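Working notes, beginning with the structure itself.
The values are calculated or read from the model by the stated rules, or taken from the named source; none is laboratory data. These numbers come from a predicted model, not from an experiment. Neighbour counts run over all protein chains shown; Cβ positions are idealised from the backbone, glycine included. Heavy atoms of the whole protein, side chains included, go into the accessibility calculation; ligands, DNA and RNA do not. Shrake-Rupley method; radii C 1.70, N 1.55, O 1.52, S 1.80 Å.
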Amino acid sequence: MPARLDHTIVPARDRNASATFVAAMLGLSPPRIVGRFAAVTLGNGVTLDYADAEEPFDSMHYAFAVPDDEFDAVFVRMRERGLTWWGGPGHQRPQETYQRGDSRGFYFDDPDGHSLEVLTRG
């Protein structure tokens, strides 16, 4: 079997708040506490393991491919929270989405400044 991603550690100022945020935004089950991590399980079984960071950290980019109907649901949840979104990485084109062929997407930030991208695969 080829290698596959199992989990990645996501630094956070408050692991529980950040993990709960991403789970709620993506319509996933609430995070589970596993040792020092708040783990969010994605649809393909990969987990985002949020850990309280003891030192400053760089913001990262995490992209989530979702079906069209879930894309719309995430977009609604984001707007209901009054979040800003962008049509380009690096906060370009505020309050826009992007279209790339049959795929569409947008970017928004989590509470720790990580850039979250939600996209469809057309």
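For this structure, a couple of remarks:
- Given R0 = 22 Å, the distance between the Cβ atoms of GLN92 and ASP68 translates into a calculated FRET efficiency of 0.40.
- Angle of helix 68-80 to the longest C-alpha principal axis of the chain, folded into 0 to 90 degrees and rounded to 10: 80°.
- Fraction of accessible area attributable to carbon and sulfur, the chain (%, probe 1.4 Å): 51
- Identified option (computed volume of the Cα convex hull per residue in Å³; candidates [x] 133; [y] 122; [z] 222): [y]
- 222 nm mean residue ellipticity, helices alone, for the chain (DSSP H n ≥ 4; -39,500 (n - 2.57); rounded to 500): -6500 deg cm²/dmol
- Nearest 10 degrees, 0 to 90: helix 15-26 Cα axis against the chain principal axis: 30
- Residue-count net charge about PHE37 - beta-carbon cut-off 11 Å; Lys, Arg +1, Asp, Glu -1: +1
- The range 1-31 and the range 100-122: distance between their alpha carbon centers, rounded to Å: 15
- Near SER18, once Lys and Arg are set to +1 and Asp and Glu to -1 for all other residues with Cβ below 13 Å from its Cβ, the sum equals -4.
- With θ taken as phi - 60° and the Karplus curve 6.51 cos²θ - 1.76 cosθ + 1.60 applied, the whole-hertz 3J(HN,Hα) list for the range 3-12 is 5, 9, 5, 9, 7, 9, 8, 10, x, 8 Hz, x standing for glycine and proline.
- Mean accessible surface per residue for the chain, computed with a 1.4 Å probe while every protein chain stays in place, in Å²: 58
- Considering only alpha-carbon pairs that sit under 8 angstrom and 6 or more positions apart, the relative contact order computed for the chain is 23 percent.
- Length gained on full extension, SER103 to MET1, computed as 0.36 nm times the residue gap minus the Cα-Cα distance: 33.8 nm.
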